[in-house]
Amino acid sequence: MTNQSSLYQLNRPARYLGGERGSIHKDLSQVEVTFALAFPDVYEVGMSHIGSAILYRVLNDKPWIAAERSYAPWPDREAQLRGGDTPLTSLESGRALAEFDIIGFSLQYELSYSNVLMMLDLSGLPMRATERSDQAPLIVVGGPCAFNPEPLADFIDCAVIGDGEEVVVELCDALRTSKAAGENRACLLKRLAAIEGLYVPSHFSVSYLPDGRIAEITPLDPQQPKVRRRVLADLDSAPYPEQPIVPFLQTIHDRVAVEVARGCTRGCRFCQAGYIYRPVRERRPETIRNLVEELLRHSGYDEVSLLSLSTGDYSAIESLMQDLMACYADQRVAISLPSLRVGSLTPELMNEIKKVRKTGFTLAPEAGSERLRKVINKGILAEDLVESSRTAFELGWRIIKLYFMIGLPTETEEDLAELVDLAARVKTAGRGTQGGADVNVSVSTFVPKAHTPFQWEAQIGLDETLLRQAKLREALKKKRMRLKWHDAELSLLEGVFARGDRRLGAVLETAVTRGCRFDGWREHFRWDLWQEAFVLAGLDPAWYLRQRLPGETFPWDHIDAGVSKDFLLRELQAALLGIATPDCRHGQCSDCGLCDFETVRPRLSDNRRQQPPPATTKTAEPTQEQPAMLPKVRLTVTKTGRTASLSHLEYMTLIHRAVRRAGLPIRYSGGFHPAPRISFGDALPLGVASQAELIDLELITWCEPQEVYDRLNREFPEGVAILKAEPWPRKNDAPANSIVSATFKVPLPGDVDDQLEDRLTDFLAQDRVIVARTKKNRQEEIDLRPWVMDLKLQQDLLWMKMPSGSPLFLAAYLLQREVEDVRSLGICKTGIELKDTGTRVDL
């Protein structure tokens, strides 16, 4: 298991703690297959990925499989692991990844490839598949980038193509059978290749023409020339994680997430997801409502996100929103739709979204001109966009975010000028509304993706990208609007790997060896190292951005995504002619080649209004008329074990979510962003435990302290427990203002010097103890003497009674050590003395 004290030296140690509510711990000696779900990005990004959460549930539902999680360690943690010669481990059991049967990486973004290799290397495994033994874990990848896995072909054993819910269990079953039969890796891979949706790169050989283009892709088994994408036919009956893992820290998408639909048939020609996730499959409204109820009950979140590629297109979206708002608005639960389309927005839908609080309003016209939107098949009229924006401003939104792409096929200077004009029209639409209006414009560079009509098109190069960004920046500045843009170098590298071949494996390996990782993070991206890697491999990155010829063999031509190449070519021709292709959801089939209209077909929900669910425990909405005479409930709570590694904000979030899960009738503040009326004491330094944290709860209906005690203790994780719950007068001071002193216990290090007792006596005899410390990169002088009421030595312990100040800094001064060294000693607040009554709270 992770040494907790070593985490105190890191940025956000909660990333590496494990033990979150909802995580599953199995006895690994009692299962037949162990599966490490490895996400090649930092914890807060990976924990926001619903696909990984689904697979975690699917795998652990099988009693013979144990699935655990691992995330790419931030560079400070990687350095710590390498410095201690410690391998990368899973969060649940702390087992080294190299000891699992399978390591599965989710590939959401091409710039995460370097992290895949870094994590393999940090696990003590050879990067290349040919250098790993038969005893090494099976290395599997999946996700949207697996539809062109060729840049990673030399490093992986197989790839899941398509939906993973069913095929991942079949993969584990094949491995279990192979293990029982004592087969070698070659026999196992042969078994896997026979499963629909599993691609084994070593079963295909690739030859190249002198100019670098692919000459031929040859299957080792002529009976299997292509790998067919796996399609989950019925989303409504598919498993979904009803008891989610609740992180200790804030993640990128810090809310309940419910996938309401999968697939999109709008046919935007640049959008890979729209082609590789067809057909549209929707969950029924009652299924969604039940999932929302369970997820909120088990998580304590106060926001629900309805996920799909285009949630506004969900067949029953308005009635679903009305039902959910009727159920949860009184509980201050916000409903957000992260993927809205202008054509699907109505004033009624927008009004439902904003009822609890405005969760952000983002629109993606993608192109500035109507001509270019016809090219990309984005059927949005400028008038509709402006009208939707005006409605949003009138309903109270203050900022609208607009997303565009530059470098789209056939784009001209006029298209860029119309982009600026459209953004200005949206800003003008907010004039006269309460509070004014603002517009933020974000642009990314168009990157052609595999299995789309634009897979033949060129991507603009580095210089052209920078030029167009500069023109937009200047033009928008004149209109008093801000521009955010995606770094040109990152877009170039994404484009190289998006349509790359196996030869890029040498580039990737060299870049990782030289230190490239977290390439999607601007502060860690090293374009200079990537350039060196391309030179050493003898490859020109610009070559991969070129336009392809209609008859050219793509690196991914042996991957069958279900949509035919002929259809994609027809779509490319329609794009160049500016001809729209209608959505086949309700209209005529566009003959893309995917559906068999029996098993694989569009599955739409019933759009009839659902009946409200049975009454559930709700928190009544506080109003100004409600009396504010109820006493508070004061809690004395612990913060020990792994929770001592949480920041104060993370600890507060943990308490807030537990209160929601417990269904306590908590009072909320007013305003656009109502917050629960829960008061905390002063923040503890990271690494300092406590047996005496004070928390006050304000309730709108009285709940006996013993009931609060019982209900909350059932919801708290290990390390957090209520020691006492009692009524507390409303007029009494809040926790932060009611403490006279706190007592801290400091375990002494084994090599403490003999003069410590003399230093304590001398300290107490002084009127002032002036020392210098650095805070926020500024040095300041502080007087430590007012921090101390008493100091005592007792065997191997130092006791400090403090009215204020940092116990870490004081202990470091007294022990003559660095603060970071003292942080790992295990300091604990053992008691407090309260104002007025002189009451002590001790363990």
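The values are calculated or read from the model by the stated rules, or taken from the named source; none is laboratory data. Everything quoted here is computed from the prediction, not taken from an experiment. Every residue, glycine as well, gets a Cβ built from its backbone with ideal geometry; the counts of neighbours run over all protein chains shown. When the accessible area is computed, the model is the full protein with side chains, heavy atoms only, and any ligands, DNA or RNA have been set aside. Shrake-Rupley method; radii C 1.70, N 1.55, O 1.52, S 1.80 Å.
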**Message:** Here is a list: T287, T251, T265. Which entry is over 23 Å from D41 (Cα atoms), among the hydroxyl-bearing types (S, T, Y) and not in a helix (DSSP H, G or I)?
**Reply:** T265
**Asked** If you go through the stretch 778-805 one residue at a time, how many are open to solvent by 100 Å² or more (accessible area, probe 1.4 Å) and in contact with a strand residue (DSSP E or B) (Cβ under 8 Å, 6 or more places away or on another chain)?
**Response** 4
**Request:** Look at the stretch 446-461 and say how many of its residues are open to solvent by less than 10 Å² (accessible area, probe 1.4 Å) and either in contact with a Cys (Cβ under 8 Å, 6 or more places away or on another chain) or over 21 Å from D540 (Cβ atoms) (or both).
**Result:** 3
**Prompt:** L37: hydrophobic (A, V, I, L, M, F, W, C) and surrounded by fewer than 21 Cβ atoms within 10 Å (Cβ to Cβ), yes or no?
**Reply:** no
**Message:** On the basis of being closer than 22 Å to R371 by Cβ and modelled with pLDDT under 95, does P550 make the cut?
**Reply:** no
**Prompt:** Within the set of pairs 6+ apart or on separate chains, which have a first residue in the stretch 359-381 that is at positive phi, a second that is open to solvent by less than 10 Å² (accessible area, probe 1.4 Å) and among the basic types (K, R), and C-beta atoms under 6 Å apart?
**Reply:** N377/R269
**Asked** With respect to P705, is the statement that it is farther than 25 Å from Y328 by Cβ, open to solvent by 20 Å² or more (accessible area, probe 1.4 Å) and over 35 Å from the mean Cα position of the chain (by Cα) true?
**Response** no
**Request:** Could you grab me the full set of residues in the stretch 199-218 that are open to solvent by less than 50 Å² (accessible area, probe 1.4 Å) and within 37 Å of the chain's Cα centre (by Cα)?
**Result:** Y199, V200, P201, H203, F204, V206, I214, I217
**Request:** Scan the stretch 2-20 and give yes if some residue there is over 18 Å from T89 (Cα atoms), open to solvent by 40 Å² or more (accessible area, probe 1.4 Å) and not in a loop (DSSP other than H, G, I, E, B), otherwise no.
**Result:** no
**Fill in**
Okay, helices (runs of 4 or more DSSP H) sitting entirely in the stretch 31-148 with 3 or more residues that are under 30 Å from F204 (Cβ atoms) and touching a Lys or Arg at 6+ places or on another chain (Cβ under 9 Å), I get 113-122
**Message:** For the stretch 159-184, which positions are in a loop (DSSP other than H, G, I, E, B), open to solvent by 60 Å² or more (accessible area, probe 1.4 Å) and in contact (Cβ under 8 Å) with a residue 60 or more places away in the chain?
**Reply:** E166
**Request:** State yes or no: is A725 under 23 Å from L646 (Cβ atoms), open to solvent by less than 20 Å² (accessible area, probe 1.4 Å) and at pLDDT 95 or above?
**Result:** no
**Fill in**
Note: among E474, E509, E464, just one is open to solvent by 40 Å² or more (accessible area, probe 1.4 Å), farther than 25 Å from L402 by Cα and part of a helix (DSSP H, G or I), namely E509
**Item:** Leading residue by the ranking (farthest from C703 (Cα to Cα)) among those in the stretch 728-777 that are touching a Phe, Trp or Tyr at 6+ places or on another chain (Cβ under 8 Å) and buried (at least 16 other Cβ atoms within 10 Å of the Cβ)
**Value:** V769
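Yes/no matrix, rows are residues, columns are (1) within 27 Å of G22 (Cα to Cα); (2) out of contact with any helix residue (DSSP H, G or I) (no Cβ under 6 Å at 6 or more places or on another chain); (3) of a type in the set (K, R):
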residue	(1), (2), (3)
A67	yes, no, no
Q80	no, yes, no
G84	no, yes, no
I102	yes, yes, no
S106	yes, no, no
S112	yes, yes, no
D121	no, yes, no
A136	no, yes, no
**Request:** Check the stretch 400-411 and report whether any residue there is out of contact with any strand residue (DSSP E or B) (no Cβ under 9 Å at 6 or more places or on another chain), modelled with pLDDT under 95 and either of a type in the set (V, I, T) or more than 21 Å from L476 (Cα to Cα) (or both).
**Result:** no
